[in-house]
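**Q** One structure, pasted below without further comment.
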Amino acid sequence: MDRAARVYIAGHNGMVGSALVRRLQQAGYTNILTRTRAELELLDQAATHAFLAQEKPDFIFMAAAIVGGIHANNTLRADFIYQNLMVEANLIHGAWLAGVQRLCFLGSSCIYPRDCPQPIKEDYLLTGPLEPTNEPYAIAKIAGIKLCESCNRQHGTKYFSVMPTNLYGANDSYDLASSHVLPALIRKAHEAKQRGDNELAVWGSGKPMREFLFVDDLADACVFLMEKGITDGFYNVGTGKDVTIRELAEIVMSVVGFAGRIVFDATKPDGTPRKLLDVSRLREIGWQARTPLREGIALAYRDFMARHGG
Ligand code: GDP
């Protein structure tokens with residue numbers, strides 16, 4: 001893709017959007033379009049359509065979404081389905097109206113059925129019931145994939161989607177009530193070390209398994225697919241390896257340097273037992289994740305310290 005192409009990143013201040021900006025800048029793209037929420041409210045259909053009609057980007061990355069961990073997904077259910085559906089509908093339909101030919105929609109591995117075979121292939125979409133704790137979010141993300149697919153079928157656009165596994169890295173949210181497990185454990189272990197505690201509270205049983213992808217690896221995969229000229233369908237993005245929540249807590253504690261005991265809080269939900277992605281579709285076309293988990297956690301901890309440490 002031409003380095004002077006106008007690439008709009010919706011949600012550039014978030015963890016994924018900011019990683020995309022870094023990656024595109026590093027690759028030499030000179031026309032990166034961004035708007036803060038104060039400048040453009042993506043829930044506002046008229047404002048979003050007017051922006052797209054005026055700017056006519058050559059490519060759009062859709063990293064704008066309301067996201068969160070198991071507690072936020074489970075409690076802010078109406079916000080998660082409504083806001084994500086609105087942003088997707090406004091951006092994808094607006095992109096087509098404005099004549100935008102190419103777009104990458106970002107989904108999530110929670111779109112797949114709760115009890116599907118592991119590792120999860122793209123083909124398992126819509127083959128069974130979803131995990132209840134994040135069903136509203138998953139339904140919105142499935143709608144996003146289908147908006148892209150349907151727009152391609154009816155209007156001949158070239159919109160594709162990526163389904164990242166659980167992400168972590170720079171600019172993550174460390175709010176304990178709404179964050180995902182990895183940033184939550186970094187913060188909890190750091191604070192426990194500072195207080196001189198001898199215990200770390202981990203939600204659920206510690207037995208669920210999760211796969212974690214460093215966000216800069218995701219950005220690399222998205223730019224790879226854009227440059228490859230992908231025009232349709234969707235791709236899992238992950239590392240192909242998972243760990244139990246207990247193992248994750250042990251790695252985080254060792255990176256942070258906290259040597260206490262893990263205590264499991266059974267009043268909190270486990271969520272889906274396992275969601276390991278099958279990443280062969282992406283591997284076959286030449287992309288693989290690079291950052292080992294421990295190394296990525298050390299980088300994330302450094303970012304946490306820079307932004308919240310002290
Ligand atoms: P999920 O992948 O959609 O289930 O979202 P999370 O990243 O929030 O949670 C993953 C798993 O980690 C679940 O089994 C949680 O119960 C567990 N977990 C353990 N400790 C924590 C914590 O402090 N915060 C969060 N969000 N999850 C935790």
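The values are calculated or read from the model by the stated rules, or taken from the named source; none is laboratory data. What you see is a predicted model; the values in this text were computed from it and never measured. Reconstructed Cβ throughout: ideal geometry from the backbone, glycine too, with neighbour counts over all protein chains shown. When the accessible area is computed, the model is the full protein with side chains, heavy atoms only, and any ligands, DNA or RNA have been set aside. Shrake-Rupley method; radii C 1.70, N 1.55, O 1.52, S 1.80 Å.
**Q** Picking from 80, 224, 61, which is most flexible by a Gaussian network model of the chain using Cα springs under 10 Å?
**A** 224
**Q** Take peptides 233-242, 31-40 and line them up by average Cβ neighbours within 10 Å, highest first, as a rough protection proxy.
**A** Final packing ranking: 233-242, 31-40.
**Q** Identify which of 109, 161, 205 has the largest mean-square fluctuation in a Gaussian network model of the chain, with springs joining Cα atoms closer than 10 Å.
**A** Comparing 109, 161, 205 in the GNM, the peak value goes to 205.
**Q** Just the number, please: Stokes-Einstein D of region 34-88 in µm²/s, Kirkwood Rh from C-alpha pairs, 37 °C, 0.692 mPa s.
**A** Result for D is 261 µm²/s.
**Q** Under the classification rounded if a/c is under 1.5, otherwise prolate if a/b is larger than b/c and oblate if not, where does region 78-123 fall, given a ≥ b ≥ c as square roots of the Cα gyration tensor eigenvalues?
**A** Here region 78-123 falls in the oblate category.
**Q** Quick one: grab the alpha carbon gyration tensor of region 243-286, order the square roots of its eigenvalues as a ≥ b ≥ c, and give me rounded if a/c is under 1.5, else prolate or oblate depending on whether a/b is larger than b/c.
**A** oblate
**Q** Here is a follow-up. Between helix 245-256 and the chain, what is the angle of the helix's C-alpha long axis to the longest principal axis, kept within 0 to 90° and rounded to the nearest 10?
**A** Value to nearest ten degrees: 80.
**Q** I've got another one for you. Taking all protein chains in place and a 1.4 Å probe, what share, in percent, of the accessible surface of region 92-174 do carbon and sulfur account for?
**A** After summing per-atom areas, the C and S share lands at 54 percent.
**Q** At a Förster radius of 35 Å, what calculated FRET efficiency corresponds to the Cβ-Cβ distance of residue 31 and residue 75, to the nearest 0.05?
**A** 0.30
**Q** Once both labels are modelled 7 Å past Cα along the beta-carbon direction, what's the residue 46-residue 101 spacing in nm?
**A** The modelled label-to-label distance comes out at 3.2 nm.
**Q** Now for a separate question. Between residue 58 and residue 39, with labels modelled 7 Å along Cα→Cβ, what's the label distance in nm to one decimal, could you check?
**A** 2.0
**Q** Next question, about the same structure. So how tilted is helix 77-97 from the main axis of the chain? Cα-based, degrees 0 to 90, rounded to 10.
**A** Compared with the principal axis, the helix lies near 30 degrees.
**Q** How big is the antiparallel share of DSSP beta bridges in the chain, given as a percent to the nearest 5?
**A** 5
**Q** Along its principal axes, what span do the Cα atoms of region 212-285 show, with the longest given first and each in whole Å?
**A** If we take the Cα atoms of region 212-285, the spans are 49, 27, 17 Å.
**Q** Over the chain, calculate the relative contact order: mean separation of alpha carbon pairs under 8 Å at least 6 apart, over the residue count, as a percent.
**A** Once divided by the residue count of the chain, the mean separation gives 20 percent.
**Q** Helix 45-55 against the longest principal axis of the chain: what's the angle in degrees, Cα atoms only, rounded to the nearest 10?
**A** Rounded to the nearest ten degrees, it is 60.
**Q** Can you give the FRET efficiency for residue 155 and residue 5, using 1/(1 + (r/R0)^6), R0 = 25 Å, r = Cβ-Cβ distance, to the nearest 0.05?
**A** Efficiency for this residue pair is about 0.75.
**Q** Given a 1.4 Å probe, how much area per residue of region 192-310 is accessible, in Å²?
**A** So region 192-310 comes to 47 Å² accessible per residue, rounded to a whole number.
**Q** Once you have the Kirkwood Rh of the chain from its Cα pairs, apply Stokes-Einstein at 20 °C and 1.002 mPa s and quote D in µm²/s.
**A** In µm²/s, the coefficient rounds to 108.
**Q** For a protection proxy built on the mean count of beta-carbon atoms within 10 angstrom, sort 45-53, 181-189 highest first, please.
**A** 181-189, 45-53
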